[in-house]
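Every number in this text was worked out from the coordinates using simple rules, so none of it is lab data. Everything numeric in this text was worked out from a predicted model, so none of it was measured. With ideal geometry, Cβ positions are generated from the backbone for all residues, glycine too; neighbour counts draw on all protein chains shown.
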Amino acid sequence: MFTAENTTAWLTNFAGKIEANAAYLSDLDTPIGDADHGNNMARGVTAVTEALGKLSDPDLVTVLKTTAMALISKVGGASGPLYGTAFLEMAKAAKDANDTATLLDAALAGIEKRGGATTGDKTMVDVWVPLVADVKAGSLTKDQIKAAVEATKDIEAKKGRASYLGERSVGHIDPGSQSSGYLFEALIETEGI
Ligand code: ADP
Ligand code: MG
Ligand code: MG
């Protein structure tokens, strides 16, 4: 179950993982992209923690909406609107529900709708689809997260910048899948969600 408190803790943990791994994320984006994913995400999560820090006793919808706005306005690139939409759709769903399954389903549906990608396109969707299912089954582990991220290596990109490389995109982890992996790692480390 998501609350304003545990969601803030989740996002703060995520921000730390992105900041610690920004160089790695940009390295992943070098052979199959434009080498900016770590910088894009680091800029975004810094804006998120700043914006959340300014709220006093916010409700869950406000936490999620503030996060979405910071990501949309600061990340840039393809990933900004995608992560932003995920949190915006969670905020909308949080008006009527706060259970983990409903909110994560809303986030994933937002990413799929915004980006038009499906499983097998070598995007963050390849991590979100199996991991949301695992969270809902109450069985998500770090090994599963790692496996889902690693599995994007063997896929030929059909969406996003990496798709320009065609079959030369094979053999490289998708950077947005790795950053999404950190989001799910932070999620399972957060008490109560
Ligand atoms: P850009 O490619 O504009 O430089 P980033 O490097 O920040 O943006 O983000 C790239 C990541 O965005 C990819 O690794 C992929 O996971 C994700 N992505 C790109 N296009 C899509 C899409 N259409 N649907 C879902 N995810 C996508
Ligand atoms: Mg990039
Ligand atoms: Mg870019």
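Considering only Gly44, Gly166, Gly16, give the residue with the highest GNM mean-square fluctuation for the chain, with springs between Cα atoms whenever their separation is below 10 Å.
It is Gly166.
In degrees between 0 and 90, to the nearest 10, how far off the longest principal axis of the chain does helix 175-189 point, with axes built from Cα atoms?
For 175-189 against the chain, the angle is about 30 degrees.
How much FRET efficiency would the formula 1/(1 + (r/R0)^6) give for Asp99 and Lys158, where r is the Cβ-Cβ distance and R0 is 30 Å, rounded to 0.05?
Taking R0 as 30 Å, the efficiency between Asp99 and Lys158 is 0.40.
Once you place label points 7 Å from the Cα toward the Cβ at Ser139 and Asp57, how far apart are they in nm?
With each label placed 7 Å out from Cα toward Cβ, I get 4.3 nm.
Work out the charge dipole of the chain with +1 on the Cβ of Lys and Arg and -1 on the Cβ of Asp and Glu about the Cα centre, then indicate which of Leu11, Leu55, Ile145 is farthest towards its positive end.
After comparing all options, I get Leu55.
Would you compute, from DSSP H runs of 4+ residues alone, the mean residue ellipticity of the chain at 222 nm, taking -39500 (n - 2.57) per run and dividing by the full residue count, rounded to the nearest 500?
-21500 deg cm²/dmol
So how far, in whole Å, is the C-alpha centre of the stretch 7-56 from the one of the stretch 97-125?
19
Suppose every Lys and Arg Cβ carries +1 and every Asp and Glu Cβ carries -1, with no other charges. What dipole size does the chain come out with about its Cα centre, to the nearest 20 debye?
460
Can you give me the distance in nm between label points at Glu50 and Ala151, each placed 7 Å from the Cα along the Cα-to-Cβ direction?
Taking the two extended label points, one gets 3.8 nm.
Going by alpha carbons, how many degrees (0 to 90, nearest 10) lie between the helix axis of 22-32 and the longest principal axis of the chain?
Approximately 40 degrees, to the nearest ten.
Please state, to two decimals, what the Cα-based radius of gyration of the chain comes to when divided by 2.2 N^0.38 Å (N = residues).
On the way: Rg = 15.4 Å, N = 193, 2.2 N^0.38 = 16.3 Å.
My calculation over the Cα atoms of the chain gives 0.95.
Beyond a 24 Å Cα-Cα separation, which of these cross-linked pairs lie in this structure: Lys74/Lys142; Lys65/Lys122; Lys17/Lys65; Lys54/Lys113?
Beyond 24 Å between Cα atoms: Lys74/Lys142; Lys65/Lys122; Lys54/Lys113.
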